[in-house]
Amino acid sequence: MLNRFINILNRGDLVAFPTETVYGLGADAWNPTAIQKVFDQKARPADNPLIVHIAHRKTVDSFAETVPAAAEKLMAHFWPGPLTLIFPKKPEVLDLLTGGLSTVALRWPQHPISQELIEQVGPLVAPSANSSGKPSPTKPEHVKEDFGDDFPVIAAGETDIGLESTVLDVSSEPFCIYRPGAISAKQIESIVNKRIITNNESSKEQNPKSPGIKYTHYSPHATVHWLKGDINNQDTLYLLHQKYDNIKADNIVHYAGDYKQMAHELYDRFRQADHEGFTSIAVEPLSETQKNELIPALTNRINKAVS
Ligand code: AMP
Ligand code: MG
């Protein structure tokens, strides 16, 4: 069933495929022409580096110059899974792929289709399979919406997590989270037994260490804002996670503390709002006091859609 897609990748073209986070736009990580096609297809700025997806621990050594002992523990514990690690890169890793940085980002995804594809073709770059600036795709239909009906997509239903991987820089100390995801700072700290930091660089900064930070992301056409005041606008889609549980209407979604479900369908709700003609999306403010490991990732993605 995968043969057709394996052939497309082997000849240097692109295939969208499911991972456990979101659908990825796959291309051969050693083929510069294929990588250029990824940037063109997404209209992605050239300085926004790609993550290389692998399916064996030993493949890390083809890309990373050095692997700290603590990173070894993280790989053993969280891979395959939604954790991307940033290492100093080997000289032969293509500059096109790293946006000219001296580091490279690696992840071993958990989805069986991603693993099969990588085993057959080799390491794949795989940014989210959406046009830059749009919400990441969590269903095959989302990829078709952005890239057209004829675009090759390995359709396998909805992705499980629904938010992109945690990105952790292990190329220098202290380790630093550039993008929060389903694997939390606390989980990482419990494995490495040391403090890690979370990057507080502003999205407006010219040369942030993780260039993706400076670009607007995840935005539907509807304007996204944090809920203030009442829930009485018919043109607004309301996403509520705790409060206001007693109000029922077609434009109000209650998660009742189920942050996993909220993450799972957030991007689909963003796209749904556009399809159904909502002019805005109001999200009940999240707070760390809710003590769920998905809160930082949800807050980060919603803040990006707001800005
Ligand atoms: P995407 O593939 O669209 O989910 O985005 C990949 C994210 O990883 C972006 O935020 C990039 O800035 C970040 N990233 C990839 N490679 C590196 C790297 N070498 N150093 C810092 N950040 C990186
Ligand atoms: Mg993306």
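The values are calculated or read from the model by the stated rules, or taken from the named source; none is laboratory data. The model shown is predicted, which means the values in this text are computed figures rather than measured ones. Every residue, glycine among them, receives a Cβ derived from its backbone with ideal geometry; neighbour counts consider all protein chains shown. Surface accessibility is based on the protein's heavy atoms, side chains included, excluding ligands, DNA and RNA. Shrake-Rupley method; radii C 1.70, N 1.55, O 1.52, S 1.80 Å.
Brief remarks on what is shown
- Where Ser114 falls short, out of the listed (1) farther than 16 Å from Thr166 by Cβ; (2) in contact with an Asp or Glu (Cβ under 7 Å, 6 or more places away or on another chain): (2)
Table: residues versus (1) open to solvent by less than 50 Å² (accessible area, probe 1.4 Å); (2) touching a Ser or Thr at 6+ places or on another chain (Cβ under 6 Å); (3) modelled with pLDDT under 95.
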site: Lys243; (1), (2), (3): no, no, yes
site: Ile252; (1), (2), (3): yes, no, no
site: Gly257; (1), (2), (3): yes, no, yes
site: Met262; (1), (2), (3): yes, no, no
site: Val283; (1), (2), (3): yes, no, no
site: Glu288; (1), (2), (3): no, no, yes
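- When Glu145 is tested against (1) closer than 26 Å to Ile281 by Cα; (2) in contact with a strand residue (DSSP E or B) (Cβ under 8 Å, 6 or more places away or on another chain); (3) within 16 Å of ligand 2 (Cβ to nearest atom); (4) not in a loop (DSSP other than H, G, I, E, B), exactly one condition is not met: (2).
- Considering segment 182-228, and only residues there that are among the charged types (D, E, K, R) and at pLDDT below 65, the residue that is surrounded by the most Cβ atoms within 10 Å (Cβ to Cβ) turns out to be Glu201.
- Taking segment 134-146 as the range and being in contact (Cβ under 8 Å) with a residue 40 or more places away in the chain, within 16 Å of ligand 1 (Cβ to nearest atom) and open to solvent by 30 Å² or more (accessible area, probe 1.4 Å) as the test, only Lys134 passes.
- Residues of segment 40-56 classified as of a type in the set (Val, Ile, Thr) and open to solvent by 40 Å² or more (accessible area, probe 1.4 Å), total: 0
- Between Gln36, Gln41, the distinction of being within 21 Å of the chain's Cα centre (by Cα), touching a residue at least 24 places away in the same chain (Cβ under 8 Å), within 16 Å of ligand 2 (Cβ to nearest atom) and under 30 Å from Asp149 (Cβ atoms) belongs to Gln41 only.
- Look at segment 101-119: where a residue is of a type in the set (Lys, Arg) and a partner is outside any helix (DSSP H, G or I) and modelled with pLDDT of 95 or more, sitting 6+ places away or on another chain with Cβ atoms under 7 Å, you get Arg107/Ile51; Arg107/His53; Arg107/Leu83; Arg107/Thr84; Arg107/Ser165.
- Count of residues meeting criterion [in a loop (DSSP other than H, G, I, E, B), in contact (Cβ under 8 Å) with a residue 40 or more places away in the chain and within 17 Å of Gly162 (Cα to Cα)] in segment 243-263: 0
- Within the option set Ser172, Ser114, Ser132, being assigned to a helix (DSSP H, G or I) and either among the small types (Gly, Ala, Ser) or under 11 Å from Ala16 (Cα atoms) (or both) holds for one residue only, Ser114.
- Positions within segment 1-54 being closer than 11 Å to Val125 by Cα and acidic (Asp, Glu), in sequence order: Asp28
- Only residues that are in contact (Cβ under 8 Å) with a residue 60 or more places away in the chain, open to solvent by 30 Å² or more (accessible area, probe 1.4 Å) and out of contact with any Asp or Glu (no Cβ under 6 Å at 6 or more places or on another chain) were counted across segment 156-172, and they come to 4.
- Of all residues making up segment 148-192, the number that are away from ligand 2 (no atom under 16 Å from the Cβ), within 19 Å of the chain's Cα centre (by Cα) and under 26 Å from Lys209 (Cβ atoms): 10
- Some residue of segment 69-85 being under 18 Å from Leu14 (Cβ atoms), in contact with a strand residue (DSSP E or B) (Cβ under 8 Å, 6 or more places away or on another chain) and either more than 16 Å from ligand 1 (Cβ to nearest atom) or not β-branched (Val, Ile, Thr) (or both): no
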